[in-house]
Amino acid sequence: MPPSRRRLLATSLAAPLAMPFIRPAGAARTITFAAYSGAFQANYEACVVAPFRRAHPDIGVSYYPFANSAQGLALLESRRQTAEIDVCMLDSATAKIATDEGLLDIIAPGSLPVLAELTPRAFITGVAGPAVTFNPLALLYAPLQVKPVPTSWTVLWDAGFDRKIAIAAPPDRAGTALTLIANAIFGDGDYQRSIDAGLTAIGGMASQVRSWDPRPDIFSYLIDGNAVLGPGWNAQGQLHAQDSGGRLAVAVPAEGTVYQINTINQVKGSRDPEAARIFLAYVLSAGAQKAVAERMCYGPVNTAAQISPAALARTGATPAHLARMIQVDWAAITRMQEFITNQWRRRILQLP
């Protein structure tokens, strides 16, 4: 097993591979779509899968949930011979591994008309399928305690918030992303050459952090009043903020940020590749992208999507934000993850 694959699986639970595949009744053709579970599934089924079923009553779609991309990869590997998954959503680093393992069909730029509508950022070198969502790391904050609205990452170094900050340390991807952001702000930004500047900067504010392991997650930790400031992924933060009664808000800092990128992929050996392509094209369409942005606060990849300015602002993926995107090769970060985590343990968390 390649080292990057071992590290990826080390941060996940075992995939629920025994879950049965339930095919929709009545459809002439059926495909299985594997993607994230929980709130993501509930919202994505409502705003993408259900409308697809109505638009294409001859194609049944079964949603197969998994907890994270590492579990999705394990699922594809275990079903390699049976081809029970047709389309799969994976983060870009995991999709690169799945592509290298020959688990995915290459979606060539000219192979679907909808691909011409996508931003060039949607096409990632070495990844079979295009990006389907952008999700920036943002500043989560308690609006009653943090005024004015934070506009810079450097607020995390403000002595006024001593012991009021929460950060999920690596191997959590939010902590890893913060390392890259700090490296860009306080160093030369070339994380593949060195992340020393980022580690040194975070080490300098470590005494102000109340928790490096906010439970059950950083969103709930802030809503419950245990901290007032910390980094977290924008889309999830926006949904939690809507239900927080004003106790949580989200801001994307002006210096730029790191984006988590999900990709949409056709699985090699799909039993109905034509139906899989129809579904994949729908997911990337302007209408579906608009629905996901407005309901789930994920940044769109389709440039033709007509999204209201207010909804687009909540995604943190406006043209102005994307212009300041800190470029990250997540496949390279996966290879570096063990090193980053160990450096955090020794230099920041002061663990043996």
Q) Can you name the residue in the range 79-134 that is at pLDDT 95 or above and at positive phi and is also nearest to the chain's Cα centre (by Cα) among such residues? A) GLY126
Q.
Can you list residue pairs whose Cβ atoms sit under 7 Å apart, with the first residue in the range 202-220 being without any contact (Cβ under 8 Å) to a residue 24 or more places away in the chain and the second being not in a strand (DSSP E or B)? Count only pairs 6 or more apart in sequence or on different chains.
A. ARG215/TYR221
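Which ranges mark the helices (runs of 4 or more DSSP H) fully within the range 24-86 that have 3 or more residues being within 25 Å of ILE97 (Cα to Cα), in contact (Cβ under 8 Å) with a residue 24 or more places away in the chain and among the hydrophobic types (A, V, I, L, M, F, W, C)? First the steps, then the outcome.
Working: elements: 39-44, 50-55, 69-78.
In the range 24-86, 69-78 are the helices (runs of 4 or more DSSP H) which contain 3 or more residues that are within 25 Å of ILE97 (Cα to Cα), in contact (Cβ under 8 Å) with a residue 24 or more places away in the chain and among the hydrophobic types (A, V, I, L, M, F, W, C).
Restricting attention to the range 15-22, does a residue exist that is at pLDDT below 95 and surrounded by 20 or more Cβ atoms within 10 Å (Cβ to Cβ)? Reasoning before the result, please.
Start the filter on the range 15-22 by keeping residues that are at pLDDT below 95, which leaves 15-22.
Imposing the further condition that a residue be surrounded by 20 or more Cβ atoms within 10 Å (Cβ to Cβ) reduces the set to 15.
Looking for residues that are at pLDDT below 95 and surrounded by 20 or more Cβ atoms within 10 Å (Cβ to Cβ), one finds at least one in the range 15-22, hence yes.
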**Q.** Scan of the range 256-290 for residues that are more than 23 Å from PRO120 (Cβ to Cβ) and in contact (Cβ under 8 Å) with a residue 12 or more places away in the chain, ordered by number
**A.** VAL267, LYS268, GLY269, SER270, ARG271, ASP272, PRO273, ALA275, ALA276, ILE278, PHE279
Q. Taking the range 66-85, which residues are surrounded by 18 or more Cβ atoms within 10 Å (Cβ to Cβ) and not aliphatic (A, V, I, L, M)?
A. PHE66, ASN68, SER69, GLN71, GLY72, ARG79, GLU84
Q | Lone qualifier among PRO216, PRO113, PRO170 - being out of contact with any strand residue (DSSP E or B) (no Cβ under 9 Å at 6 or more places or on another chain), within 28 Å of THR263 (Cβ to Cβ), surrounded by 22 or more Cβ atoms within 10 Å (Cβ to Cβ) and not polar (S, T, N, Q) | A | PRO170
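For residues that are among the aliphatic types (A, V, I, L, M) and more than 14 Å from the chain's Cα centre (by Cα), scanning just the range 240-265, find the one that is farthest from ALA313 (Cα to Cα). Spell out how you get there, then give the answer.
Here is the first cut: in the range 240-265, the ones among the aliphatic types (A, V, I, L, M) are 241, 248-252, 254, 258, 261, 264.
Filter once more, so that each one left must be more than 14 Å from the chain's Cα centre (by Cα): 241, 248-252, 254.
On the way: ALA241: 14, LEU248: 17, ALA249: 13, VAL250: 11, ALA251: 10, VAL252: 9, ALA254: 13 Å.
If we take residues in the range 240-265 being among the aliphatic types (A, V, I, L, M) and more than 14 Å from the chain's Cα centre (by Cα), then LEU248 is farthest from ALA313 (Cα to Cα).
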Q: Report yes if some residue within the range 332-352 is in contact (Cβ under 8 Å) with a residue 24 or more places away in the chain and within 15 Å of the chain's Cα centre (by Cα); otherwise report no.
A: yes
Q: Run ALA281 past the list (1) under 22 Å from the mean Cα position of the chain (by Cα); (2) outside the structural domain of GLU77 (by TED's automatic domain parsing); (3) not basic (Lys, Arg) and report the number of the one that doesn't hold.
A: (2)
Q: For the range 300-319, state whether one or more residues are crowded, with 22+ Cβ neighbours inside 10 Å, among the β-branched types (Val, Ile, Thr) and more than 24 Å from GLN41 (Cβ to Cβ).
A: no
Q) If you go through the range 116-151, how many residues are of a type in the set (Ser, Thr, Tyr) and buried (at least 17 other Cβ atoms within 10 Å of the Cβ)? A) 3
Q. Among ALA281, ALA276, ALA251, ALA291, which is modelled with pLDDT of 95 or more and either of a type in the set (Lys, Arg) or within 28 Å of THR179 (Cβ to Cβ) (or both)?
A. ALA251
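Would it be correct to say that ARG247 is within 30 Å of ALA122 (Cβ to Cβ) and charged (D, E, K, R)? So that I can check it myself, show each step before the final result.
Working: within 30 Å of ALA122 (Cβ to Cβ): no; charged (D, E, K, R): yes.
Here the answer is no, as ARG247 does not meet what is asked.
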(Q) I'm told GLU274 meets every condition in (1) loosely packed, with under 15 Cβ neighbours inside 10 Å; (2) more than 24 Å from ASP58 (Cβ to Cβ) except one. Can you identify the failing condition by its number? (A) (2)
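The values are calculated or read from the model by the stated rules, or taken from the named source; none is laboratory data. In this text the structure is predicted, and so the values were computed from the model without any measurement. Note that we place each Cβ from the backbone using ideal geometry, even for glycine, and neighbour counts take in every protein chain shown.
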